[in-house]
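Trainee: If you scroll down you'll find the structure; I have some questions about it.
The values are calculated or read from the model by the stated rules, or taken from the named source; none is laboratory data. Here the structure is a predicted model, which means the values were calculated and not measured. Here the Cβ positions follow ideal geometry from the backbone for every residue, glycine too, while neighbour counts run over all protein chains shown.
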Amino acid sequence: MLGNASLLLAVLIGLSIPIAAALMMAALTLGYAYSPLPLYYAASEILWKVSNEFTLTSVPLFVLLGEILLRAGVAERMYGAVALWLNRLPGGLLHANIGASALFSATSGSSVATAATIGTVALPEILKRGYNERLFLGSLAAGGTLGILIPPSIHLIIYGMITNTSIPKLYLAGMVPGLVLALLFSLIVVIVCAIRPGYDGKPVTATWRQRFASLIDLVPVLLLFLVVVGSIYAGIATPTEAASLGLVFAVVLAWWNGRLSMALLHDAFLGAMKATAMIMLIVLASYFLNFVLSAIGLSQQLTGFVTGLGLSPAATMLVIIGFFVLLGCFLETLSMLVTMTPLVVPIVVSLGYDPLWFGIVMILLLEVALITPPVGINLYVVQAIRKQGSIQDVMAGSLVFVLSMFALIGLLLAFPEIALWLPAQVRS
């Protein structure tokens, strides 16, 4: 049954059927084939119940927030300021790509929005300053992945909702690993540029006076982070309410920069509606598929298969990690998150691991999926902005950054406190 379900889903996705439709078709087919009961009768109740989850309301709000920031001129000024401060490091603007992505991730909650926004600002600098194109493109695709790890992350919200894990604690757990991963990305850049000196381009020149003057351009992003994340930990707002506060602040920023207009709002709402429709369809279809898998006993079969291997908890975790890496090559990250979380988390908890810790490990595995071919969505986002050349360049430049993600996963396995220390301090 497990093999048939996996094969069916792989065939549907291989036929280029939209992910949400493939998940729903798989659910209906498996229910018809393996259940004596008409499971499709439960679809309306499940879809209605999930779509009424208050926590999910934060998803379109964060998406709209990112769309407004994309058009408000905040990213250009932020990128310019980061470039002035990081220009002296080996690799120059490659570090600015990563640093700006980390900062924007703290406001957007989306890897696609982060990669698209920073990519739009940074790509003109490749030819202007003579950077190695592949490494430059890879730094943008990899930097964009930080959007689902550094809070406020949409993926962490969905993981918390599925597993009944505290979203504020998940946000705290993601902060240190997010910063460590950004530093590891920069370390990769330094190492590559040391081995291949011609890969770093002409640096941005700036005086210390210019650098300090540019700090004003970082203030809006930091204030927005405090409004969204700070309001959660101050007990002022829930994640959904914090998203609405951040959205209002983003509109104020657009007005402050002289960009607020009906055209901007029209484009932002249109972009947010398209993205939200895609996300919600995937979430709803995945929830129904999870119901069918549980009803036909496949969830229990998977648990029995893994526990029946007789491996130690550490070895079992390595098997799970390898499975996610392989799955991430063929499945979109959001559908993978919603589909696999209910199946895998009970196994992980039974091994004695903290679901809070595993949430961060799982997000890192999803980040790997974002930049590994053939389905890595950030690769296609960067290539779409680039509008020339082959996507093979983006793929080749991104793969070196996967090493950083595996390194951080290894550190989390050896030292879980990297993710758990900050939530423990707040809890106490």
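Trainee: Out of the range 375-403, which residues are in a helix (DSSP H, G or I) and polar (S, T, N, Q)? Can you show your working first?
Mentor: Keep residues of the range 375-403 that are in a helix (DSSP H, G or I), which gives 377-386, 391-403.
If the condition is that a residue be in a helix (DSSP H, G or I) and polar (S, T, N, Q), then Asn378, Gln383, Gln392, Ser398 are the ones that fit.
Trainee: While we're on this one: Could you list, in sequence order, the residues of the range 322-353 that are hydrophobic (A, V, I, L, M, F, W, C) and over 17 Å from the mean Cα position of the chain (by Cα)? Spell out the reasoning first.
Mentor: Here is the first cut: in the range 322-353, the ones hydrophobic (A, V, I, L, M, F, W, C) are 323-327, 329-331, 334, 336-338, 340, 343-345, 347-349, 351.
Within the range 322-353, Phe323, Leu326, Leu343, Val344, Val345, Ile347, Val348, Val349, Leu351 qualify.
Trainee: May I ask you to list the residues in the range 119-152 that are modelled with pLDDT under 90, in a helix (DSSP H, G or I) and of a type in the set (A, V, I, L, M, F, W, C)?
Mentor: Val121, Ala122, Ile126, Leu127
Trainee: Out of the residues in the range 372-394 that are in contact with a Cys (Cβ under 9 Å, 6 or more places away or on another chain) and either of a type in the set (A, V, I, L, M) or farther than 20 Å from Gly109 by Cβ (or both), state the one that is surrounded by the most Cβ atoms within 10 Å (Cβ to Cβ). Break it down stepwise before answering.
Mentor: Of the residues in the range 372-394, the ones in contact with a Cys (Cβ under 9 Å, 6 or more places away or on another chain) are 372-376.
Imposing the further condition that a residue be either of a type in the set (A, V, I, L, M) or farther than 20 Å from Gly109 by Cβ (or both) reduces the set to 372-375.
Numbers: Thr372: 21, Pro373: 15, Pro374: 10, Val375: 18.
So, considering only residues that are in contact with a Cys (Cβ under 9 Å, 6 or more places away or on another chain) and either of a type in the set (A, V, I, L, M) or farther than 20 Å from Gly109 by Cβ (or both), the one surrounded by the most Cβ atoms within 10 Å (Cβ to Cβ) is Thr372.
Trainee: Checking the condition buried (at least 20 other Cβ atoms within 10 Å of the Cβ), assigned to a helix (DSSP H, G or I) and at pLDDT 90 or above, which residue from Phe406, Phe358 passes?
Mentor: Numbers: Phe406 fails: buried (at least 20 other Cβ atoms within 10 Å of the Cβ).
Testing whether each residue is buried (at least 20 other Cβ atoms within 10 Å of the Cβ), assigned to a helix (DSSP H, G or I) and at pLDDT 90 or above leaves just Phe358.
Trainee: Tell me the helices (runs of 4 or more DSSP H) entirely within the range 205-321 that contain at least 2 residues that are among the hydrophobic types (A, V, I, L, M, F, W, C), within 30 Å of Gly174 (Cα to Cα) and out of contact with any strand residue (DSSP E or B) (no Cβ under 7 Å at 6 or more places or on another chain). Break it down into steps so the answer makes sense when it comes.
Mentor: On the way: elements: 208-214, 219-225, 239-256, 262-295, 298-307.
Output list reads 219-225, 239-256, 262-295, 298-307.
Trainee: For Ala369, work out the one condition from (1) in contact with a helix residue (DSSP H, G or I) (Cβ under 9 Å, 6 or more places away or on another chain); (2) of a type in the set (A, V, I, L, M, F, W, C); (3) surrounded by fewer than 22 Cβ atoms within 10 Å (Cβ to Cβ) it doesn't fulfil.
Mentor: Going through the list (1) in contact with a helix residue (DSSP H, G or I) (Cβ under 9 Å, 6 or more places away or on another chain); (2) of a type in the set (A, V, I, L, M, F, W, C); (3) surrounded by fewer than 22 Cβ atoms within 10 Å (Cβ to Cβ), Ala369 breaks only (3).
Trainee: Being within 18 Å of Ser111 (Cβ to Cβ), touching a residue at least 24 places away in the same chain (Cβ under 8 Å) and either surrounded by 17 or more Cβ atoms within 10 Å (Cβ to Cβ) or more than 14 Å from the chain's Cα centre (by Cα) (or both): is that true of Gly397 here?
Mentor: Working: within 18 Å of Ser111 (Cβ to Cβ): yes; touching a residue at least 24 places away in the same chain (Cβ under 8 Å): yes; either surrounded by 17 or more Cβ atoms within 10 Å (Cβ to Cβ) or more than 14 Å from the chain's Cα centre (by Cα) (or both): yes.
Yes.
Trainee: Taking the stated definitions as given, is Ile363 under 15 Å from the mean Cα position of the chain (by Cα), surrounded by fewer than 20 Cβ atoms within 10 Å (Cβ to Cβ), at pLDDT 80 or above and of a type in the set (A, V, I, L, M, F, W, C)? Before you say what the answer is, go through the steps one by one.
Mentor: Details: under 15 Å from the mean Cα position of the chain (by Cα): yes; surrounded by fewer than 20 Cβ atoms within 10 Å (Cβ to Cβ): no; at pLDDT 80 or above: yes; of a type in the set (A, V, I, L, M, F, W, C): yes.
It is false that Ile363 is under 15 Å from the mean Cα position of the chain (by Cα), surrounded by fewer than 20 Cβ atoms within 10 Å (Cβ to Cβ), at pLDDT 80 or above and of a type in the set (A, V, I, L, M, F, W, C).
Trainee: Consider Pro423 against the criteria (1) over 22 Å from Ile188 (Cβ atoms); (2) at pLDDT below 90: it satisfies all of them except one. Which criterion is unmet?
Mentor: Going through (1) over 22 Å from Ile188 (Cβ atoms); (2) at pLDDT below 90 one by one, Pro423 breaks only (2).
Trainee: Now for a different question. Here is a list: Leu223, Leu281, Leu298, Leu289. Which entry is free of Cβ contacts under 8 Å to residues at least 40 places away in the same chain, surrounded by 15 or more Cβ atoms within 10 Å (Cβ to Cβ) and of a type outside the set (D, E, K, R)? I'd like the intermediate steps shown before the answer.
Mentor: Numbers: Leu281 fails: free of Cβ contacts under 8 Å to residues at least 40 places away in the same chain; Leu298 fails: free of Cβ contacts under 8 Å to residues at least 40 places away in the same chain; Leu289 fails: free of Cβ contacts under 8 Å to residues at least 40 places away in the same chain.
After applying the criteria, what remains is Leu223.
Trainee: Exactly one of these conditions fails for Leu127: (1) surrounded by fewer than 22 Cβ atoms within 10 Å (Cβ to Cβ); (2) in contact (Cβ under 8 Å) with a residue 60 or more places away in the chain. Give me its number.
Mentor: It fails just one condition, (2).
Trainee: Additional query: Right, Leu187: touching a Cys at 6+ places or on another chain (Cβ under 9 Å), touching a residue at least 24 places away in the same chain (Cβ under 8 Å), assigned to a helix (DSSP H, G or I) and farther than 18 Å from Val361 by Cβ or not?
Mentor: Numbers: touching a Cys at 6+ places or on another chain (Cβ under 9 Å): no; touching a residue at least 24 places away in the same chain (Cβ under 8 Å): yes; assigned to a helix (DSSP H, G or I): yes; farther than 18 Å from Val361 by Cβ: yes.
Against the criterion (touching a Cys at 6+ places or on another chain (Cβ under 9 Å), touching a residue at least 24 places away in the same chain (Cβ under 8 Å), assigned to a helix (DSSP H, G or I) and farther than 18 Å from Val361 by Cβ), Leu187 does not qualify.
Trainee: If you check Gly201, Gly160, Gly178, Gly174, which single one turns out to be within 30 Å of Pro124 (Cβ to Cβ), part of a helix (DSSP H, G or I) and of a type outside the set (A, V, I, L, M, F, W, C)?
Mentor: Of Gly201, Gly160, Gly178, Gly174, the one residue that is within 30 Å of Pro124 (Cβ to Cβ), part of a helix (DSSP H, G or I) and of a type outside the set (A, V, I, L, M, F, W, C) is Gly178.
Trainee: Within the range 284-321, work out how many residues are within 30 Å of Leu70 (Cβ to Cβ) and either in contact with an Asp or Glu (Cβ under 9 Å, 6 or more places away or on another chain) or of a type in the set (Gly, Ala, Ser) (or both).
Mentor: Restricting attention to the range 284-321, the residues satisfying the condition of being within 30 Å of Leu70 (Cβ to Cβ) are 284-287.
Next, from what is left, pick out any that are either in contact with an Asp or Glu (Cβ under 9 Å, 6 or more places away or on another chain) or of a type in the set (Gly, Ala, Ser) (or both): 285-286.
Number of matching residues: 2.
Trainee: Another question, if that's okay. Do we find that Ala254 is buried (at least 18 other Cβ atoms within 10 Å of the Cβ), modelled with pLDDT of 90 or more and more than 20 Å from Thr55 (Cα to Cα) in this structure?
Mentor: Numbers: buried (at least 18 other Cβ atoms within 10 Å of the Cβ): yes; modelled with pLDDT of 90 or more: yes; more than 20 Å from Thr55 (Cα to Cα): yes.
Yes; evaluated as a whole, the condition is true for this residue.
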